[in-house]
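J.: The following block contains the structure, expressed as structure tokens.
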Amino acid sequence: MTMAPTVNPGADIAELTRPKLERPPMFKVLLLNDDFTPMDFVVDVLERFFQKDAEEATRIMLAVHQNGVGLCGVYPFEIAETKALQVVEHARKNHHPLQTAIEKE
Ligand code: TYC
């Protein structure tokens, strides 16, 4: 059966005209522990690529060291992917085996 279109006379005009915008899916950038990358290098990575201050960077580095994995930040896909690749490339150039991962929120 076809229904006549209805308008809620109480609805705000913005509610009727505003396009439905979806937020982009967000992705976690994770840092993985290893036995070789120096702690101070990891702290520098967190400051350089994830805008952490020294205290927060040290906290995250120690959490990764203890738990095997830790959260650096949450971003739209292309930013998360770029940061994850940039970190691994920066580590590789410095002969450290540091690895990252990204994970959908
Ligand atoms: N486990 C490393 C060490 O003892 C330090 C480290 C921390 C390495 C975090 C990687 O993502 C990492 N030197």
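J.: Restricting attention to segment 89-105, which residues are part of a helix (DSSP H, G or I) and surrounded by 17 or more Cβ atoms within 10 Å (Cβ to Cβ)?
T.: Ala91
J.: Sticking with this structure for a sec: Which members of segment 70-88 meet the condition of being under 11 Å from Leu30 (Cβ atoms), surrounded by fewer than 16 Cβ atoms within 10 Å (Cβ to Cβ) and either among the β-branched types (Val, Ile, Thr) or near the ligand (Cβ under 10 Å from one of its atoms) (or both)?
T.: Within segment 70-88, just Val74 meets the criteria.
J.: Here is a list of conditions, (1) at pLDDT 95 or above; (2) aliphatic (A, V, I, L, M); (3) assigned to a loop (DSSP other than H, G, I, E, B), and Ala11 meets all of them except one; can you say which number that is?
T.: Going through the list (1) at pLDDT 95 or above; (2) aliphatic (A, V, I, L, M); (3) assigned to a loop (DSSP other than H, G, I, E, B), Ala11 breaks only (1).
J.: Can you report the number of residues in segment 14-42 which are in a helix (DSSP H, G or I) and modelled with pLDDT of 95 or more? Reasoning before the result, please.
T.: Of all residues in segment 14-42, those in a helix (DSSP H, G or I) come to 14-17, 39-42.
Restricting the remaining residues to those that are modelled with pLDDT of 95 or more gives 39-42.
So the answer is 4.
J.: Look through segment 23-58, keep the residues that are within 14 Å of Asn94 (Cβ to Cβ) and more than 11 Å from the ligand (Cβ to nearest atom), and return whichever of them is surrounded by the most Cβ atoms within 10 Å (Cβ to Cβ).
T.: Phe49
J.: Scanning for something under 30 Å from Arg23 (Cα atoms), modelled with pLDDT of 95 or more, among the aromatic types (Phe, Trp, Tyr) and not in a strand (DSSP E or B), does segment 48-58 turn up at least one residue?
T.: yes
J.: Quick one: Asn67 ticks every box in (1) surrounded by 12 or more Cβ atoms within 10 Å (Cβ to Cβ); (2) within 16 Å of the ligand (Cβ to nearest atom) except a single one, so which number is it?
T.: (1)
The values are calculated or read from the model by the stated rules, or taken from the named source; none is laboratory data. On a predicted model such as this, the values are computed, not experimentally measured, just so you know. Please note: Cβ atoms are built from the backbone with ideal geometry, for glycine as well, and neighbour counts cover all protein chains shown.
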